[in-house]
There are 2 protein chains.
Amino acid sequence: MRAVDIIRKKRDGLSLTKQEIEFFIQGVASGEVPDYQISALSMAIYFQHMTEDEMFHLTMAVVEAGDKLDLSSIKGIPVDKHSTGGVGDKVSLILGPLVASAGVPVAKMSGRGLGHTGGTIDKLESIPGFQCELDKETFIEQINDIKVGIISQTGNLAPADKRMYAIRDVTATVENTALIAASVVSKKLAAGNRNIVFDVKVGKGAFMKTEPRALDLAETMVDLVAKAGGKSVAVISQMNQPLGREVGNANEVIEAIETLKNRGPVDLTNLCLALGSQMLIIGGKAETTEEARKILREKLEDGSALEKFKQMLDRQGGDISVIDDYTILKQPTNRLDIMAEKDGWVTALDAMKVGRASNLLGAGRKRKGDDIDHAAGIHLAKKEGDKVEIGDVLCTFMWTNEIADIEAATDRIREAYYVSMEQPQARPVVLRVVE
Amino acid sequence: MRAVDIIRKKRDGLSLTKQEIEFFIQGVASGEVPDYQISALSMAIYFQHMTEDEMFHLTMAVVEAGDKLDLSSIKGIPVDKHSTGGVGDKVSLILGPLVASAGVPVAKMSGRGLGHTGGTIDKLESIPGFQCELDKETFIEQINDIKVGIISQTGNLAPADKRMYAIRDVTATVENTALIAASVVSKKLAAGNRNIVFDVKVGKGAFMKTEPRALDLAETMVDLVAKAGGKSVAVISQMNQPLGREVGNANEVIEAIETLKNRGPVDLTNLCLALGSQMLIIGGKAETTEEARKILREKLEDGSALEKFKQMLDRQGGDISVIDDYTILKQPTNRLDIMAEKDGWVTALDAMKVGRASNLLGAGRKRKGDDIDHAAGIHLAKKEGDKVEIGDVLCTFMWTNEIADIEAATDRIREAYYVSMEQPQARPVVLRVVE
């Protein structure tokens, strides 16, 4: 078997066999298949797509060609959440404790940010002392004790996916449903999770720009998980403008804690309830979404969710005083208000551009391994639907690092805000649920 | 400008600008653009094609991003021939001297064989003493003195094409008209030739399997040369079965000399006359193909073409005694006759498979830089249209090297011969001329 023949077969629109897919993926994991064949096959798949069977074989081949985390000793039905990536998306910080407080174990493995979207681990690491690297035994013990934990990726999970993704990212072959679905689901399966609620983002700040494409990805992933013997639901949510009013790291942690205190922004709270209620149903703690939402609302109101977050911080070495004193987080040394230059309504706020601006301030990475400024970020005083007058503060930049590129960030944020005289219609955050 | 954005643009079916193409190609030549982006763009072009303008910009960018050979000091109108590659294709060995003997300078730069097709330089090197590496001044002096010379590729001509081709070859992105045309024409232009007769092969042993695809390539190349200020014609010729009766190296040299002695196989002679007459017209030595063919026939009959070949050998250090004594060529130490296993007619003889069999005997390379056995090859006693009886010799294997894989070569040659009771219709070698 030769990689070039497999590429040719896919290029010509034929379906690859299980054996062919396994051969290629083992070669990706071992390094025997060179980068240029990975990008060529990815581009061929971009044009010729994959059948359900091919996607399933790809997913399983990626899982098999690496380490696997065994979470079977966790008591109960652990349920995970996966977001396809958004700007201002601090949902994991809230959802883990919230769902755990309702009795469903959440053993979450998260990544660092790359590109225009932030990473949960980067956000958590802005809390002094918080430790994201736990060994497997400690992690499982924690989950069995307090039902929640978030760690950074450990072991050599899905190395073939890691290699393929890095190449796809620089060869314009990311935006393919089969490849995205296989990538997401293989990582989840390798990390021991097969009960998953997907948060499929759609809009300007998401990989999927249109609802039909998001729907396609959602259905594909749900089917793929079912084929792998798991259970999943997908929530399609809007990512035209950022989620909540904070984009960055430390400032997103504050907004997450505020949400756990039941005084968070409506869009963020609603999305957490939508995702959390599906997790409760899969985890066997509720029958209907109404029942589940009621339980979760109570956990926010009675402080149980916040208490769970505190327990998690405590177990993972984080300074729990942050809950009452946000000043223990790294503080920005510079602030700059960006003012409205005309009257009207904010009709759109481009999440992608806000994400880019935030990165330019130092909140994100250009390259893997870059340091980030945990105090850097943007507070969005005005969002879609807000009325503005000349001189009003649209948003505030925050940063500490001298390398922050304020000029470029300002250009991006000016492009991000669309202000016009026409009052826009409110757009809901949660668009639909795919089971 | 970023390579990934150029790939995305082409992937999405948009036309690339001159600047974008130059940026990418300069990066290919300098090494700044990595292999995986070259294969991704090639695959995107495979699916989305290129406009005439894009192809032209690609061709010129490849020429500019490397050394250029200046042949302007050659007297007269030099005309080159380019074959898209076939099995048993020893045309260059005959055509150079033949056309030169009629007064048209032929300053040919050739390559070594790779894959199932042989290379002119490999064939010439089977002649003791023949030197293919001349410096530019010596080469031009030779052309001005005797009007013909064949050298191996010199200098850093079209390095971007070399790099792209090596990657395309192992990523199933060779078979695209735009990329093939740009590759061929850029190499010719970089080598200083812009008056070209193309021999576009079609059939089982060619890159182009069907006549419409060959026609498309032929028209594309002719248009491309015109856009670059040159003059060209394309001859579409059949490459279902090998050309002539010899496939290998030394044995092909013998067949070429026999053809120059005007006793070569009809198919080979006819193709040489068809290509040569177009070269004479472009070179200003004839007005019509009838007139040109008449001149060339005379040069074969009166020994001028053979004499020209002798002059070329002499100037390039080759042992001219080969013309009368083929035994000075390396002789095979082993011969094996392959017999017919049933009665009937040879209805097809698959050139690709014959080429593969010949390579398995040692006549070709698996990898660049591999040694070849100049005595290895196949004599085809029977070709399409020949009647055979059980026990007749279909062909004879020749080799000297112990690593020759006789079993595999036999399998290939058995697959290559189609014998049936139905007498096939004769197929002409030259199918059409595209101006």
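The values are calculated or read from the model by the stated rules, or taken from the named source; none is laboratory data. These numbers come from a predicted model, not from an experiment. Methodologically, a virtual Cβ is constructed for each residue, glycine included, from the backbone with ideal geometry; neighbour enumeration extends over all protein chains shown. Heavy atoms of the whole protein, side chains included, go into the accessibility calculation; ligands, DNA and RNA do not. Shrake-Rupley method; radii C 1.70, N 1.55, O 1.52, S 1.80 Å.
Computed on protein heavy atoms with a 1.4 Å probe, the accessible areas place B:204, B:68, A:308, A:90 in the order B:68, B:204, A:308, A:90, largest first. Annotation for residue B:5, label-to-label distances across the other copies: 4.1 nm (shortest first, one decimal, point 7 Å from Cα along Cα→Cβ). Take residue B:399: with every protein chain present and a 1.4 Å probe, its accessible area is about 30 Å². Computed from phi, the 3J(HN,Hα) profile of segment A:414-429 under the Karplus parametrisation 6.51, -1.76, 1.60 (θ = phi - 60°) reads 5, 6, 6, 8, 9, 10, 9, 7, 8, 6, x, 7, 5, 10, x, 7 Hz, with x in place of Gly and Pro. With a 1.4 Å probe, what is the total accessible area buried between chains A and B, in Å² rounded to the nearest 100? Summing both chains' loss of accessible area gives about 1800 Å². Full extension of the chain segment joining residue A:405 with residue A:213 gains 65.7 nm, where the gain is 0.36 nm per residue of separation less the Cα-Cα distance. The mean number of Cβ atoms from other chains found within 10 Å of a Cβ in peptide A:43-52 is 4, as a whole number. Converting the Cα gyration tensor eigenvalues of segment B:252-393 into ellipsoid dimensions via √(5λ) gives semi-axes, longest first, of 31, 22, 15 Å. Taking every alpha-carbon pair in the protein assembly as shown and binning the separations at 20 Å intervals from zero gives 14, 36, 24, 19, 7, 0 percent.
Note on the protein assembly as shown: dipole from Cβ charges, positive end direction compared against A:156, A:59, B:374; the farthest Cα belongs to A:59. For segment A:329-420, the percent of C-alpha pairs falling in each 10 Å distance bin, counted from 0 to the bin holding the largest distance, reads 18, 49, 26, 7, 0.
Think of it as helices only: each DSSP H run of n ≥ 4 in chain A is worth -39500 (n - 2.57), and spread over all residues that comes to -13500 deg cm²/dmol at 222 nm. Here the Gaussian network model covers chain B, with springs between Cα atoms less than 10 Å apart; of B:192, B:88, B:317, B:317 fluctuates the most.
Ligands, DNA and RNA excluded, the heavy atoms of residue B:412 present near 70 Å² of accessible surface to a 1.4 Å solvent probe.
The amide H of residue B:80, built 1.01 Å from its N in the peptide plane, has B:195, B:196, B:197 as neighbours under 5 Å, considering only residues 5 or more places off or on other chains. In terms of packing, defined here as the mean over residues of other Cβ atoms within 10 angstrom, the peptides A:168-178, B:225-235 line up highest first as A:168-178, B:225-235. In nanometres and ascending order, the distances from the residue B:154 label point to those of the other copies are 6.6 (point 7 Å from Cα along Cα→Cβ). Neighbours of residue B:391, meaning other residues whose beta-carbon lies under 11 angstrom from its beta-carbon, give a summed charge of -4 when Lys and Arg score +1 and Asp and Glu score -1.
Taking a cut-off of 21 Å, what percent of all Cα-Cα pairs in segment B:80-323 are separated by more than that?
55
3J(HN,Hα) along segment A:253-265: 4, 4, 5, 5, 5, 4, 5, 5, 7, 6, 9, x, x Hz, from the Karplus curve 6.51 cos²θ - 1.76 cosθ + 1.60 with θ = phi - 60°, whole Hz, x for Gly and Pro.
Computed over the alpha-carbon atoms, chain A gives an Rg to Rh ratio of 0.97, Rh here being the Kirkwood radius from the mean inverse distance.
What number comes out for the charge environment of residue B:120, summing +1 per Lys or Arg and -1 per Asp or Glu over other residues with Cβ under 10 Å away? Result for the neighbourhood of residue B:120: 0. Counting only alpha carbon atoms, the long axis of helix A:211-227 and the longest principal axis of chain A meet at about 50°.
Counting from the shortest, the label point at residue A:297, 7 Å from Cα toward Cβ, is 10.0 nm from the same position in each remaining copy. Cross-link check: pairs A:201/A:285; A:188/A:209; A:68/A:162; A:10/A:231; B:147/B:310 evaluated at a Cα-Cα cut-off of 21 Å; pairs beyond the cut-off: A:201/A:285; A:188/A:209; A:10/A:231. Per residue of A:30-40, other chain Cβ atoms within 10 Å of the residue Cβ number 6 on average.
The distance separating the Cα centre of segment A:217-237 from that of segment A:50-97 comes to 11 Å. For segment A:285-382, the fraction of 1.4 Å probe accessible surface lying on carbon and sulfur atoms is 45 percent. When the GluC sites (Glu not before Pro) in segment A:244-317 are filtered for DSSP coil states and for at most 10 other beta-carbon atoms within 10 Å of their beta-carbon, the remaining sites are A:287. The Cα-based radius of gyration of segment B:4-75, divided by its Kirkwood radius, gives an Rg/Rh of 1.06.
If you take the Cα centroid of segment A:139-196 and the Cα centroid of segment A:401-435, the two points sit 28 Å apart. The mean number of Cβ atoms from other chains found within 10 Å of a Cβ in peptide B:168-178 is 5, as a whole number.
On a 0 to 90 degree scale, rounded to 10, what angle separates helix B:35-48 from the longest Cα axis of chain B? Its long axis makes an angle of about 80 degrees. Axis of helix B:266-282 versus longest Cα principal axis of chain B: the two differ by about 40°, to the nearest ten degrees. Using a probe of 1.4 angstrom and keeping all protein chains present, the accessible surface of segment B:80-323 works out to 30 square angstrom per residue. Taking Cα centre as origin and charging only the Cβ of basic (Lys, Arg, +1) and acidic (Asp, Glu, -1) residues, the dipole magnitude of segment A:293-410 rounds to 620 debye.
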